[in-house]
1. Using the structure shown, decide if Val100 is surrounded by 13 or more Cβ atoms within 10 Å (Cβ to Cβ), in contact with a Pro (Cβ under 8 Å, 6 or more places away or on another chain), at pLDDT 95 or above and more than 18 Å from Asn2 (Cβ to Cβ).
2. Which of the residues that make up the stretch 61-71 are more than 8 Å from the ligand (Cβ to nearest atom) and in contact (Cβ under 8 Å) with a residue 60 or more places away in the chain?
3. Filtering the stretch 66-78 down to residues that are among the hydrophobic types (A, V, I, L, M, F, W, C) and more than 10 Å from the chain's Cα centre (by Cα), which residue is farthest from Ser45 (Cα to Cα)?
4. May I ask you to list pairs of residues, at least six apart or on different chains, whose Cβ atoms are under 8 Å apart, with the first in the stretch 150-166 being under 14 Å from Tyr115 (Cα atoms) and the second being of a type in the set (Val, Ile, Thr) and assigned to a helix (DSSP H, G or I)?
5. Name the pairs: first residue in the stretch 171-193 and under 15 Å from Met146 (Cβ atoms), second residue of a type in the set (Asp, Glu) and part of a helix (DSSP H, G or I), Cβ to Cβ under 6 Å, at least 6 apart or on different chains?
6. Looking only at residues in the stretch 73-94 that are open to solvent by 10 Å² or more (accessible area, probe 1.4 Å) and touching a strand residue (DSSP E or B) at 6+ places or on another chain (Cβ under 9 Å), which one is nearest to the ligand (Cβ to nearest atom)?
7. Would you pick out the residues in the stretch 105-125 that are over 18 Å from Asp87 (Cβ atoms) and either near the ligand (Cβ under 10 Å from one of its atoms) or of a type in the set (A, V, I, L, M, F, W, C) (or both)?
8. Could you give every pair whose Cβ atoms fall below 8 Å, whose first residue belongs to the stretch 45-60 and is assigned to a loop (DSSP other than H, G, I, E, B), and whose second residue is open to solvent by 80 Å² or more (accessible area, probe 1.4 Å) and more than 9 Å from the ligand (Cβ to nearest atom), counting only separations of at least 6 or pairs across chains?
Amino acid sequence: MNLTQYYKYEYAKDMLESELRILIKEFERKHGYTPVEHLKSRMKSSESISRKLIKKGYEVTEENAYKYIDDIVGVRIVVSFLSDVYDVVSLIASSTNLLVKERKDYIRSPKSSGYSSYHLKVLVPVYLQDYVEYVPAEIQVRTVAMDFWASLDHKIRYKFQEEIPSEVQANMQDYALDIQELDRKMYEINKIMSKYEKDLNEKENH
Ligand code: 0O2
């Protein structure tokens, strides 16, 4: 394994996580609440890299991994409400340290499996002794409900090696719709709560 390259990706993971935590803290300070339930970063396992290279039709080599896989570094941000997804996405886009290369809104257009999340492909600067290298990374932003569905779906896919029985697939698509509906209802609850809070504050200030 090319250790120099691996360390660059490790630095990028740490740098990205810390940048995102700072952005979220700033948001909390400004708005008085946190939209984020939890944030987790990871390096993609070599098993998962090999699987993805094969799926994309590339030979499994270290060189190809760094060349064709752009989510070796990944961060997942799980938020409370649907509106929080878009607040967090805007927050990330406002960062002067990260370069947003691509956005995929699988919430407005879910995948055929039913998967929904907001994905951002970014470039993370890694400051080395005499130059700056930009390392690719993927950020996934999703609600708690989407995360619940995606975690179980991931387990099912892993178990069936992607050859999921059609009955299971159809059920998962239905449950993804249930999740969408639940997220919408929770969003409405949040709107009512915000209005209630605002009215209460106004009453107290009079
Ligand atoms: P893992 O093990 O989670 O890391 P591409 O070049 O388009 O194939 P890209 O852009 O990364 O690669 O694909 P995509 O679909 O935009 O995002 C890929 C990641 O999203 C996956 O990573 C999963 O984490 C997640 N994802 C996408 N579709 C599904 C789905 O149907 N179910 C679940 N549970 N997760 C999904 P990996 O590398 O495939 O897997």
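The values are calculated or read from the model by the stated rules, or taken from the named source; none is laboratory data. All figures in this text were calculated on a predicted structure; none of them were measured in a lab. Here Cβ is always computed from backbone atoms with ideal geometry, including for glycine, and neighbour counts include all displayed protein chains. Quick note on the areas: whole protein, heavy atoms, side chains included, nothing else; ligands and nucleic acids left out. Shrake-Rupley method; radii C 1.70, N 1.55, O 1.52, S 1.80 Å.
1. On the way: surrounded by 13 or more Cβ atoms within 10 Å (Cβ to Cβ): yes; in contact with a Pro (Cβ under 8 Å, 6 or more places away or on another chain): no; at pLDDT 95 or above: yes; more than 18 Å from Asn2 (Cβ to Cβ): yes.
In short, no.
2. Once the filter is applied, which keeps residues that are more than 8 Å from the ligand (Cβ to nearest atom) and in contact (Cβ under 8 Å) with a residue 60 or more places away in the chain, the stretch 61-71 yields Glu62, Tyr66.
3. The first filter runs over the stretch 66-78 and keeps only residues among the hydrophobic types (A, V, I, L, M, F, W, C), leaving 69, 72-73, 75, 77-78.
Adding the requirement that they be more than 10 Å from the chain's Cα centre (by Cα) leaves 69, 72-73.
Details: Ile69: 12, Ile72: 8, Val73: 10 Å.
Selected residue: Ile69.
4. Between residues of the stretch 150-166 that are under 14 Å from Tyr115 (Cα atoms) and residues that are of a type in the set (Val, Ile, Thr) and assigned to a helix (DSSP H, G or I), the close pairs are Ile156/Val168.
5. From the stretch 171-193, the pairs are Met172/Asp153.
6. Of the stretch 73-94, the ones open to solvent by 10 Å² or more (accessible area, probe 1.4 Å) are 76, 80-83, 86-87, 90-91, 93-94.
Keeping just the survivors that are touching a strand residue (DSSP E or B) at 6+ places or on another chain (Cβ under 9 Å) gives 76, 80-82, 86-87, 93.
Details: Arg76: 8, Ser80: 20, Phe81: 21, Leu82: 18, Tyr86: 18, Asp87: 21, Ala93: 18 Å.
Per the criteria, the residue is Arg76.
7. The answer is Pro110, Lys111, Ser112, Ser113, Gly114, Tyr115, Lys121, Leu123, Val124.
8. Every condition considered, the pairs that remain are Val60/Ile54.
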